[in-house]
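Working notes, structure below.
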Amino acid sequence: MGEHHHGPAKGLKRWIFATNHKDIGTMYLWFSFAMFLLGGAFAMIIRAELFQPGLQLVEPGFFNQMTTMHGLIMVFGAIMPSFVGLANWMIPMMIGAPDMALPRMNNLSFWILPPTFLLLASTLFMEGGAPAFGWTFYAPLSTTYAPPSVTFFIFAVHLLGLSSIMGSINIVATVWNLRAPGMTWMKMPLFVWTWFITAYLLIAVMPVLAGAVTMMLMDIHFGTSFFSAAGGGDPVLFQHVFWFFGHPEVYIIILPAFGVVSQIIPTFARKPLFGYDSMVYATASIAFLSFIVWAHHMYTVGMPIAGELFFMYATLLIAVPTGVKVFNWITTMWRGAMTFETPMLFCIGFVVLFTLGGFTGVMLSMAPSDFQYHDSYFVVAHFHYVMVAGAVFSMTGAVYYWLPKWCGRMYSEPMGKIHFWISFVGFNLAFFPQHFVGLAGMPRRIPDYASQFADFNMLSSVGAFIYGGSQILFLYNVISTIVAGKPVSDDKVWEGAEGLEWTVATPAPFHTFAVPPRVK
Amino acid sequence: MCFKAKRLHRLALGPVLSLLGLTSRLAWSDDTKVNQINMPVSVTEVGASIYNLHMTIFWICVVIGVLVFGVMFYSIFAHRKSRGVTPSNFHESTTVEIAWTVVPFLILLVMAVPATTTLINVYDTTDADMDILITGYQWKWKYEYLDEAGENLTFFSNLSTSQEEIYNREAKGEHYLLEVDEPVVVPVNSKVRLLITANDVIHSWWVPELAVKRDAIPGFINETWFRAEREGIYRGQCAELCGRDHGFMPIVVNVVSQQKYTDWLSDKQAEAAEIKALMAQTFTLDDLVKRGKDVYARDCQLCHGANGEGGIGKAIAGSSIATGPVATHLDVGIYGVSGTSMQSFGKQLNDVDMAAVITYQRNAFGNNMGDMVQPLDVFNHKQGQ
Ligand code: HEM
Ligand SMILES: [Cu+2]
Ligand SMILES: [Cu+2]
């Protein structure tokens, strides 16, 4: 005990043995940003190869390694850890808790990540190359026909699952046990609610993913035939197991983003969220429905028609609570007094572009039309609208929103706005044309394409370079804020902000709420 | 240059036209496929209803989008602090909340009806006029026209675009990456049932204009169908990531008149009969080498190099296998080498071609073995082991 209670340890020890939720949150955020840049670099290679028809830069085999690693790193290395980082920083401060409930486990769940991604990245240098079977790793391409590095990939997935499960248990335990007196369930900020539900989703589906990769491991090394028809197994079983994890996974990615947007929009509209209760119920229904729609990713595998119909109807249903969310954000803006600082811009960008992604989602859920859309660039466009303009935009907005609270300095507003507009234009240039080529017949995951798709692909590549480049500006803005931003000292950084996190000093001291606040 | 300018012109016009709802028709002639921005209308009835479903949902989304974003942008414009407004404090309204749950639900209910009927139609594979068994291989398609008498017509369909074009050493042709050596030929207005499976990993057979996409899964046979109502050449690609050359296994379906189809079929059957006759024949070394050279260029060169120098695969020139015992050499050719990119060619090449190419490899690139392999040797080798 003693000294460690008052301030952080010095030097490297502070980080390696970190148990403070803010330090761990910071590490998560920086780590995920590093992964974002790495996954982004792979995306740049992909888009550079696709700049023109023909093979110019990379061989098809390596191209497949790039698409696979890009997807895996973005989903598991960038988006998920960034929201865990945000949860670490904000949940205790939002519910008036002194820290996370399980600080040592918190340390472990973070420190599993860097070696895991090192392991995953090292497969690029292995004999036979990195995994090249897509982030969805369908068997038997990922078993019988996989490069030897697949075993390391499986191990990496296990470790990631471990880390996510520990992170989720921590969040669940914190929310159950450490709420300040008076912080009843229906007073919890929406970010806390969405994360609380997400944590349960993670605990439910991560073991399923672990099961899928374990069956792969058995098939590859121990002679079983879970996914091999020749031995009595079924390759489609893999897809069912994978998507039973995979569809809830996409909501794991987006629910915390919903939470962020539901915090930021009321602040800059200077008006409370229109329907708090319905937002909570919508989140819960989305979470529930996300368990019964997985096979909409598999309409073309040849399911019986009853199965197709069930998954189609269930998927259509998800659009209802998703719509409720969008309507709520807009009615929150309605008759507010809005200002458009960078976090708000990113949230408005989120609402517009996520909704477009939702529209294409509804289109994709129609099984007969999906026979045309499936595995085409139309799907690529869809999920980048929901994952990049959705999850990543909201995360970017969140960083701008809470950065002054975290470091006591204000970022450069003009630079933030420029970052937003470049991102917005670059993103749309990159991904909107992908709807066109997808509908016109361009399959996804190909290193080269027919000449008729050339112009839109070139546009798309230019857009991707612009969006990628704008992240350097973001990095610069954040670092220059931390080092030399204009100091802010108001507890309430934003005029319209509500919530316990704005009642602590700015910058947030190392320990907050050592004595629980009383919530009225 | 002129070509480029025209393309750019189209690029600028495309989205504008689409907004006017004109493209679906324009997209039709072969010419305007460049920069096409919408789903092809399809030449099958099912495809047309899929297209209509697609456009219906699209327009519903457009209307909802205009309403929702209209409200939002109006609010962004009118309810901004810089205009001096004071924020109101209203929130929660059960009526509004019930409305915006029930209305979307009803819209979805309406949309589910055409989706369901179309799906039922897609799944109705009864009363087909003919059956084709399609097998996906890494990285080509095999087509087998099933015949009641058991005389199935079988052939492989490979990408015919040259490596020179792919690696930008030659100008790209009009159907770059969407051309094959042997297209599927089917008669117009006939219900063609497709039985789809795969030999190795999962592939997916997709031809947008026929509105067919169905996964080819090893060990399972999927069924689907189409009835093309217009003659023409329809091109598609494999749609499921299947390894290195996933982007290089196109599909070409040639829909022709009944008469042309019958002619084509009898030509093909005659060809098959000829091969059968050849199988029993004994060839001279020269004949085998000559035939083998073509087979090599078509099926081996990509990996083993034009001069047998190797590349993706091992060198043939001076290789211990090509200059070793014939039986081992045949093993490699027929069964492949598992765990490497050397696949098994035993099913893909007929025995004549296999004999020819093995003989060629043993007598080319400085491998002067002087021995030869006859079709019968290949046949016996396959039976014997
Ligand atoms: C209204 C809500 C949504 C609906 C109805 C919907 C529907 C669908 C459907 C039917 C597919 C399968 C398309 C195909 O492969 O043919 C799909 C793919 C996908 N969706 Fe959504 N979606 C929605 C929202 C989201 C959200 C919020 C996310 C994530 C943040 C998301 C992420 C994805 C991803 C990653 C894929 C592609 C996975 C892959 O094959 O690699 N979607 N969506
Ligand atoms: Cu899904
Ligand atoms: Cu493929």
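Miscellaneous remarks
- Residues in the range A:359-375 that, when all protein chains are in place, have 20 Å² or more less accessible area than the chain alone would give (probe 1.4 Å): A:Phe359, A:Val362, A:Met363, A:Met366, A:Pro368, A:Ser369, A:Phe371, A:Gln372, A:Tyr373, A:His374, A:Asp375
- Counting only DSSP beta bridges whose two residues both lie in the protein assembly as shown, roughly 70 percent are antiparallel.
- Shape analysis of the range B:175-231 based on the Cα gyration tensor places the equivalent ellipsoid semi-axes at 21, 16, 10 Å, largest first.
- Across the range A:11-22, coupling constants 3J(HN,Hα) worked out from phi with the 6.51/-1.76/1.60 Karplus curve, θ = phi - 60°, read x, 4, 4, 4, 8, 5, 9, 4, 10, 7, 4, 6 Hz, and Gly and Pro carry x.
- Cβ-Cβ FRET estimate between A:Lys492 and A:Phe125, R0 fixed at 51 Å, reported to 0.05: 0.55
- Per-residue ³J(HN,Hα) for the range B:104-119, Karplus 6.51 cos²θ - 1.76 cosθ + 1.60, θ = phi - 60°, Hz, x for Gly and Pro: x, 4, 5, 4, 5, 4, 5, 5, 5, 5, x, 4, 5, 5, 4, 4
- Inter-site label distance for A:Glu59 and A:Ala230 at 7 Å from Cα along Cβ, in nm: 2.5 nm
- Debye intensity ratio in log₁₀ form over the Cα atoms of chain B, taken at each q of 0.06, 0.13, 0.14, 0.15 Å⁻¹: -0.36, -1.18, -1.29, -1.40
- Eligible aspartates and glutamates near A:Lys417 by straight Cα distance, threshold 12 Å, same-chain separation 8 or greater: A:Glu341
- Alpha-carbon centroid distance for the pair the range B:306-385 / the range A:459-520, whole angstrom: 66 Å
- Distant-in-sequence amide contacts of A:Leu141, defined by a placed amide H-H separation under 5 Å and a gap of 5 or more residues or a different chain, comprise B:Ile202.
- Think of a 1.4 Å ball rolled over the protein heavy atoms: the protein assembly as shown then has 38 Å² of accessible area per residue.
- In order through the range A:323-332: 3J(HN,Hα) via Karplus (6.51 cos²θ - 1.76 cosθ + 1.60), integer Hz, x for Gly, Pro: x, 3, 4, 4, 4, 5, 5, 6, 5, 5
- Pairwise centroid distance, computed over Cα atoms, of the range A:28-99 with the range B:46-102, Å: 32 Å
- Heavy-atom accessible area for B:Glu179, with the other protein chains in place and a 1.4 Å probe, reaches approximately 40 Å².
- Only protein heavy atoms count here, probed at 1.4 Å, and on that basis chains A and B bury about 8200 Å² of accessible area in total.
- Over 29 Å apart at the Cα level, from the set A:Lys325/A:Lys405; B:Lys33/B:Lys290; B:Lys140/B:Lys276; A:Lys187/A:Lys325, are B:Lys33/B:Lys290.
- Sorting the Cα pairs of the range B:279-382 by distance into bins of 5 Å, from 0 upward, gives 3, 15, 26, 29, 20, 6, 1, 0 percent per bin.
- Extension gain, B:Leu146 to B:Ile98: 0.36 nm times the residue separation minus the Cα-Cα distance gives 11.6 nm.
- One quarter of the convex hull surface built on the alpha carbon atoms of the range B:130-276 amounts to 9.3 nm², the projected area averaged over directions.
- Normalised by the number of residues in chain B, the mean separation of alpha-carbon contacts (under 8 Å, six or more apart) gives a relative contact order of 12 percent.
- Sequence-distant lysines (8 or more away, or on other chains) whose Cα lies within less than 20 Å of B:Lys314: B:Lys293
- Accessible area of the range B:279-382 belonging to carbon and sulfur atoms, whole % at 1.4 Å probe: 55 percent
- Ellipsoid semi-axes in whole angstrom, largest first, where each is sqrt(5λ) of the Cα gyration tensor of the protein assembly as shown: 54, 31, 24
- Considering the range A:23-502 at the alpha-carbon level, its Rg and Dmax are found to be 21.8, 68 Å.
- Sequence-distant residues sharing a close amide H with B:Asn152 (under 5 Å, placed H): B:Asp147
- The range A:313-327 and the range A:331-359: distance between their alpha carbon centers, rounded to Å: 18 Å
- Charges were assigned to the Cβ only: +1 to each Lys and Arg, -1 to each Asp and Glu. The resulting dipole of the range B:101-189 about its Cα centre is roughly 580 debye.
- Ellipticity estimate at 222 nm from DSSP helix runs (n ≥ 4, -39,500 (n - 2.57)) divided over chain A, nearest 500: -22000 deg cm²/dmol
- DSSP beta bridges in the range B:130-276 [antiparallel fraction, %, rounded to 5]: 70 percent
- Calculated mean residue ellipticity, 222 nm, chain B: -13500 deg cm²/dmol, from DSSP H runs (n ≥ 4) at -39500 (n - 2.57) each, averaged per residue and rounded to 500.
- Projecting label points 7 angstrom from Cα along Cα→Cβ for B:Val66 and B:Asp124 puts them 3.5 nm apart.
- Amide hydrogen proximity for B:Phe283: with H placed 1.01 Å from N in the peptide plane, no residue at 5 or more positions away or on another chain lies under 5 Å.
The values are calculated or read from the model by the stated rules, or taken from the named source; none is laboratory data. Quick caveat, the model's predicted, so the values are computed rather than measured. Glycine gets a Cβ as well: all are built from the backbone with ideal geometry, and neighbour counts include every protein chain shown. For the accessible areas, the whole protein counts, side chains as well, though only heavy atoms, and no ligand, DNA or RNA atoms are used. Shrake-Rupley method; radii C 1.70, N 1.55, O 1.52, S 1.80 Å.
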